[in-house]
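Before I ask anything, let me first share the structure, which is written out below as structure tokens.
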Amino acid sequence: MTMSSTTDSVTVLTGMYAAEAEYLAAGGPGEDSFDLLAPFFAPDVELHQANALPYGGTWRGHSGMAQFFLAMGQAWDMFDMMEQKFLATGETAVVLTQVRARARVTGRELSFPILQTITLKDGRITEVRPFYWDTQAIADACVAPVSTA
């Protein structure tokens, strides 16, 4: 591992998270273009979300990432990344993020950590694998209770 590869990874990731925050602040999917985020992701990027989540599954390419952000926007009214720790080792990085979020359908607020492994190549993100501490709590917060009446 070289210092420059670590620095480059952190630079790419901090740039992407800043662009994501700007994108979401502008209204996100349907309100602003994914073009703000596209330069940070390889054209064949893969995002693997836990299947138990409302936005679960594998999202591929720039169009898949744009669809993922649309699904996230439908699930969350607010999704703030409060603090982040970067552990970059060249082409592989681990990011620990503390999130504060409010579900759009239920209005429930949650605070939870996400640990992501992120692969980078040639200065672009090629793969993201987020790990959640409690996918059930997140899924439950995003789904309106079923009426028994």
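For (1) at negative phi; (2) under 13 Å from the mean Cα position of the chain (by Cα), each residue gets a yes or a no:
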residue	(1), (2)
ALA52	yes, no
MET65	yes, yes
TRP76	yes, yes
GLN84	yes, yes
GLY107	no, no
PRO130	yes, yes
GLN136	yes, no
VAL143	yes, no
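Next up: Within segment 77-87, is there a residue that is farther than 20 Å from ALA18 by Cα, exposed (fewer than 15 other Cβ atoms within 10 Å of the Cβ) and modelled with pLDDT of 90 or more? Before you say what the answer is, go through the steps one by one.
If we filter segment 77-87 for residues that are farther than 20 Å from ALA18 by Cα, which is where we start, we get none.
There is no residue in segment 77-87 that is farther than 20 Å from ALA18 by Cα, exposed (fewer than 15 other Cβ atoms within 10 Å of the Cβ) and modelled with pLDDT of 90 or more.
Name the residues in segment 8-45 that are within 23 Å of CYS142 (Cβ to Cβ) and either polar (S, T, N, Q) or at pLDDT 80 or above (or both), would you?
Residues satisfying the conditions are TYR17, GLU20, ALA21, PHE34, LEU37.
Could you please tell me which pairs satisfy a Cβ distance under 8 Å, a separation of 6+ or placement on different chains, a first residue in segment 86-104 that is over 21 Å from TRP133 (Cα atoms) and touching a residue at least 60 places away in the same chain (Cβ under 8 Å), and a second residue that is among the charged types (D, E, K, R) and open to solvent by 70 Å² or more (accessible area, probe 1.4 Å)?
Listed pairs, sorted by first residue: GLU91/LYS121.
The values are calculated or read from the model by the stated rules, or taken from the named source; none is laboratory data. Please read these numbers as outputs of a predicted model, since none were measured by experiment. Cβ atoms come from the backbone with ideal geometry, glycine included; neighbour counts cover every protein chain shown. The protein model used for the area step is the full one, side chains on, heavy atoms only, and it has no ligands, DNA or RNA in it. Shrake-Rupley method; radii C 1.70, N 1.55, O 1.52, S 1.80 Å.
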